[in-house]
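As structure tokens, the structure follows; a few thoughts come after it.
No lab work stands behind these numbers, since they all come straight from the coordinates. Model, not experiment: these values are computed from the prediction. Every residue, glycine among them, receives a Cβ derived from its backbone with ideal geometry; neighbour counts consider all protein chains shown.
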């Protein structure tokens, strides 16, 4: 399996507007390069491009969302590291043969798909594989 790059890093936050005020001066930004709501994942996201890597602040839309559960258990902080691959399903098949457990299956995102490897296998890190290049959203 070939990893093209680190695609993005996600920070779980309680309040997206407050987090933006903290992070944007450090990132040298006056606003996000991309914003979106992902209803199936129950998140609101502000994405910033740092070179070729996305840096995301994520707020849960509901108390039952995975981001809210993460914050309740571990506090705000790094929740996801995402690796860009050519094809998510091919990467999953290769890793499943090597006993890497996935949480659910491949999920749609814009022009691609993503999948999560269970953090118990990855030293506590929720690792995402994604094949969406997101280039049309870069500024």
Looking at the chain as a GNM with Cα springs under 10 Å, which of 66, 96, 56 has the largest mean-square fluctuation? 96
Bridge type composition, region 3-137 - antiparallel percent by DSSP, nearest 5: 75
Given springs between every Cα pair under 10 Å in a Gaussian network model of the chain, which of 20, 89, 110 has the largest fluctuation? 110
How far apart, in nm, are the 7 Å Cα→Cβ label points at residue 2 and residue 111? 1.8
If R₀ is 41 angstrom, what is the calculated FRET efficiency for the pair residue 100 and residue 22, using the beta carbon separation as r and rounding to 0.05? 0.75
Relative contact order for the chain, counting Cα pairs under 8 Å that sit 6 or more residues apart, in percent: 26
Please list log₁₀ I(q)/I(0) at q = 0.17, 0.27 Å⁻¹ for region 54-139, using the Debye equation with identical point scatterers on the alpha-carbon positions. -0.79, -1.38
How much mean residue ellipticity at 222 nm does the chain get from its helices, if each DSSP H run of length 4 or more adds -39500 (n - 2.57) and you divide by all residues, to the nearest 500 deg cm²/dmol? -6500 deg cm²/dmol
Measure off 7 Å from each Cα along the Cα-to-Cβ vector at residue 37 and residue 74, then give the distance between these two points in nanometres to one decimal. 2.6
